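Participant: Supplied in structure tokens, the structure appears directly below.
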Amino acid sequence: MKNLGIMVDAMRQCIDNYMVRNSKTEIDEREANGELERAGLLGDDNSHPGKPLRELLDTLRDSDMLPPNIIYRSGIWHIRHSKTIAIGMIIFQF
């Protein structure tokens, strides 16, 4: 499980950086998986975009290791910046 934790931390940092670069506070699993593939952290399935990340998020949810910034709503995984409150205060302070 330690390796899974390290992998999840690297993926979280990659997704957070992507959201800051693109001025987003939330993305879905398809967009996140595309960025993780671009960064070389998790391959994507061209016939089912986002499927590898969905499967990983299902595993994390079932093992009670899902980060609090990720929620499953209406059949879609929603991933918010892991430090949404702090980032929001910095970005939107003006």
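The values are calculated or read from the model by the stated rules, or taken from the named source; none is laboratory data. Not measured: the values here are computed from a predicted model. Methodologically, a virtual Cβ is constructed for each residue, glycine included, from the backbone with ideal geometry; neighbour enumeration extends over all protein chains shown. Each accessible area value is taken on the protein alone, full model and side chains, heavy atoms only, with ligands, DNA and RNA left out. Shrake-Rupley method; radii C 1.70, N 1.55, O 1.52, S 1.80 Å.
Participant: Search region 72-86 for residues being among the β-branched types (Val, Ile, Thr) and farther than 18 Å from Leu36 by Cβ, and hand back the single one that is modelled with the highest pLDDT.
Facilitator: Out of the qualifying residues, it is Thr84.
Participant: Right, here's the next one. Sort out which residues of region 20-34 are of a type in the set (D, E, K, R) and assigned to a loop (DSSP other than H, G, I, E, B), and write them in order of number.
Facilitator: Lys24, the sole residue that qualifies.
Participant: Please enumerate the residues belonging to region 42-64 that are assigned to a loop (DSSP other than H, G, I, E, B), closer than 16 Å to Val8 by Cα and open to solvent by 70 Å² or more (accessible area, probe 1.4 Å).
Facilitator: Asp64
Participant: Select from region 65-86 the residues that are in a helix (DSSP H, G or I) and either at positive phi or in contact (Cβ under 8 Å) with a residue 12 or more places away in the chain (or both) and list them in ascending order.
Facilitator: Thr84, the sole residue that qualifies.
Participant: Which one of these does Leu4 not meet: (1) in contact with a strand residue (DSSP E or B) (Cβ under 9 Å, 6 or more places away or on another chain); (2) over 15 Å from Ile79 (Cβ atoms); (3) of a type in the set (A, V, I, L, M)?
Facilitator: Leu4 satisfies every listed condition except (1).
Participant: Also, quick follow-up: Can you find even one residue in region 4-13 that is exposed (fewer than 13 other Cβ atoms within 10 Å of the Cβ), modelled with pLDDT under 95 and among the aliphatic types (A, V, I, L, M)?
Facilitator: Yes, region 4-13 has at least one match.
Participant: Continuing with this model, one more query. Identify the single condition in (1) assigned to a helix (DSSP H, G or I); (2) touching a Phe, Trp or Tyr at 6+ places or on another chain (Cβ under 9 Å); (3) surrounded by fewer than 15 Cβ atoms within 10 Å (Cβ to Cβ) that Asn17 does not satisfy, given that it satisfies every other one.
Facilitator: Asn17 satisfies all of (1) assigned to a helix (DSSP H, G or I); (2) touching a Phe, Trp or Tyr at 6+ places or on another chain (Cβ under 9 Å); (3) surrounded by fewer than 15 Cβ atoms within 10 Å (Cβ to Cβ) except (2).
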